[in-house]
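Chemist: Shown below is the structure under consideration.
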Amino acid sequence: MSPEFHLYVHWPYCRSKCGYCDFASYVPRQMWDPARFVAAYRADIAALRGRTGERELASVFFGGGTPSLAEPEVIGAVVEAAMAAWAPRADCEVTLEANPGTVDKKRLRALRDAGVNRLSVGAQSFDPASLKALGREHSVDDTKHALTWGHDIFERLSFDLITARPGLSLGLWEDELGEALEFAGEHLSVYQLTVEDGTPLARAVAEGRVTMPDEDTGADIFEATRRILAAAGRPAYEVSNFARPGAECRHNLGIWRGADYGGVGPAAHGRLTLEDGRFATRHAPDVHAWLKGPPAPRMEALDAEERAREHVMMALRLTEGVSAAGFAAAFAEAGLADPRELMHRDALDEAVGLGLLVSDDAGVRATETGVMVLNTLTVRLLEDRR
Ligand SMILES: C[S@@+](CC[C@H](N)C(=O)[O-])C[C@H]1O[C@@H](n2cnc3c(N)ncnc32)[C@H](O)[C@@H]1O
Ligand code: SF4
């Protein structure tokens, strides 16, 4: 078992709910009590430590929701509890997601002093009309301020953009990405807008009030993003993530490579390798129940084949792909020596023949053409053989 361990901390609140978002995030009806959050996070961490035993803590990631709304004292108490519970690496990465408009210089400094060393800003768009259409409450100027202060205050900085939005053309996107690059640090995430069931965006699309870009425009935007960011020194290391080599998000990279991570906070997920197997853990999303308890997460045992399929699915999203040696180290004991044993031979041969995948001694990885159709490709490769 790899001793490397990552901690995900979920903060459940946002100031307002964006029309496209189906994350477990809520607008609180009244002001929360920071002391209750600290107590609940501490109890959750203590319970998780009881399950994991001693581990090497490689990263902490505050996601949400909008964790920049949490008081820096809350963040500091959680960082402290995590560092005391496990053995932190000297370079332990501590990321916090921040919404522009929720932070000023003072708060950012306080967050840094609380132990955050990597800021991830939810920029989403540099076009004012698009921010409005997405239901974001901040302005482009708020974003630019947050990024400028963020660069000054934090060692490491990333921001999120959402592309393939209604009305976006390739030309407009290229201009926008160029502007975004002026504010970019070592890392960016660029997501294609996804229409999630049950969101106001899904209703607007269903009722014809909003039209999503057609497939060709989406593909052109995807391809141009990879090309432009690679030329700017931040090649894709995952489908939606771009970084200067060595500046990848260690938290997410660890998870995509199959490391263990624990989740604390309402709705937090985790993957834990324990003495009696590997488990998917899931906290219930109810914030008030969590504040009272927190209740133990649901633990679902994953059998070797499920684990191996999940590993292949996630690792194929990485530019480095699935490592044959890494796969063998993780699964040989369970009778699976090579990732290709899980794949439909015909689908694999066809994808290699079409130049969508490379399959060699190092493992299996998507090519620049393959990554454009990765979802379909993965489904075909891993279609249930049982
Ligand atoms: C938890 S949010 C980040 C922090 C913060 N709440 C914010 O929105 O700025 C994670 C990221 O997921 C992305 N995201 C959320 N819903 C999405 C959707 N339906 N399609 C594409 N990207 C989405 C956004 O880029 C967002 O920044
Ligand atoms: S995108 Fe971020 S700010 Fe918007 S509702 Fe989702 S979690 Fe909250």
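The values are calculated or read from the model by the stated rules, or taken from the named source; none is laboratory data. Remember, predicted model here, so these are calculated numbers, not experimental data. Reconstructed Cβ throughout: ideal geometry from the backbone, glycine too, with neighbour counts over all protein chains shown. Accessible surface is based on the protein model in full, side chains and every heavy atom, while ligands, DNA and RNA are left aside. Shrake-Rupley method; radii C 1.70, N 1.55, O 1.52, S 1.80 Å.
Chemist: Just one of the numbered conditions (1) part of a helix (DSSP H, G or I); (2) of a type in the set (S, T, Y); (3) in contact (Cβ under 8 Å) with a residue 60 or more places away in the chain; (4) within 16 Å of ligand 2 (Cβ to nearest atom) is not true of S68; which one?
Modeler: (3)
Chemist: Taking only pairs six or more apart or across chains, which ones have beta-carbon atoms under 6 Å, a first residue in segment 99-127 that is closer than 19 Å to A77 by Cα, and a second residue that is open to solvent by 20 Å² or more (accessible area, probe 1.4 Å) and within 16 Å of ligand 2 (Cβ to nearest atom)?
Modeler: Every condition considered, no pair remains.
Chemist: Looking only at residues that are within 16 Å of ligand 1 (Cβ to nearest atom) and among the polar types (S, T, N, Q) in segment 1-58, which one is nearest to D286 (Cα to Cα)?
Modeler: So the residue we want is S25.
Chemist: What number of residues within segment 194-209 satisfy the criterion of being open to solvent by 20 Å² or more (accessible area, probe 1.4 Å), within 12 Å of ligand 2 (Cβ to nearest atom) and part of a loop (DSSP other than H, G, I, E, B)?
Modeler: Result for segment 194-209: 2.
Chemist: Among the helices (runs of 4 or more DSSP H) contained in segment 97-169, which hold 1 or more residues that are touching a helix residue (DSSP H, G or I) at 6+ places or on another chain (Cβ under 9 Å), among the charged types (D, E, K, R) and more than 18 Å from F62 (Cβ to Cβ)?
Modeler: 105-113, 140-153
Chemist: Can you give me the number of residues within segment 175-193 that are part of a helix (DSSP H, G or I) and either small (G, A, S) or within 24 Å of the chain's Cα centre (by Cα) (or both)?
Modeler: Final tally of qualifying residues: 7.
Chemist: Also, quick follow-up: Given the structure, is L161 in contact with a strand residue (DSSP E or B) (Cβ under 6 Å, 6 or more places away or on another chain), open to solvent by less than 60 Å² (accessible area, probe 1.4 Å) and free of Cβ contacts under 8 Å to residues at least 40 places away in the same chain?
Modeler: Taking the combined requirement at face value, the residue satisfies it.
Chemist: Any residue in segment 105-116 that is within 13 Å of ligand 1 (Cβ to nearest atom) and assigned by TED's automatic domain parsing to the domain that holds P245?
Modeler: no
Chemist: Kindly check whether there is at least one residue in segment 23-42 that is among the charged types (D, E, K, R) and within 23 Å of the chain's Cα centre (by Cα).
Modeler: No.
Chemist: Pairs needed: first member in segment 204-227, farther than 19 Å from L161 by Cα; second member anywhere, open to solvent by less than 30 Å² (accessible area, probe 1.4 Å) and not hydrophobic (A, V, I, L, M, F, W, C); C-beta distance under 8 Å; at least 6 residues apart or different chains.
Modeler: If the second residue must be open to solvent by less than 30 Å² (accessible area, probe 1.4 Å) and not hydrophobic (A, V, I, L, M, F, W, C), the pairs left are A204/G19.
Chemist: Hey, another quick one. Of the residues in segment 52-69, how many are closer than 14 Å to P100 by Cβ and out of contact with any helix residue (DSSP H, G or I) (no Cβ under 8 Å at 6 or more places or on another chain)?
Modeler: 2
Chemist: Would it be correct to say that E174 is open to solvent by 40 Å² or more (accessible area, probe 1.4 Å), modelled with pLDDT under 95 and closer than 26 Å to R244 by Cβ?
Modeler: no
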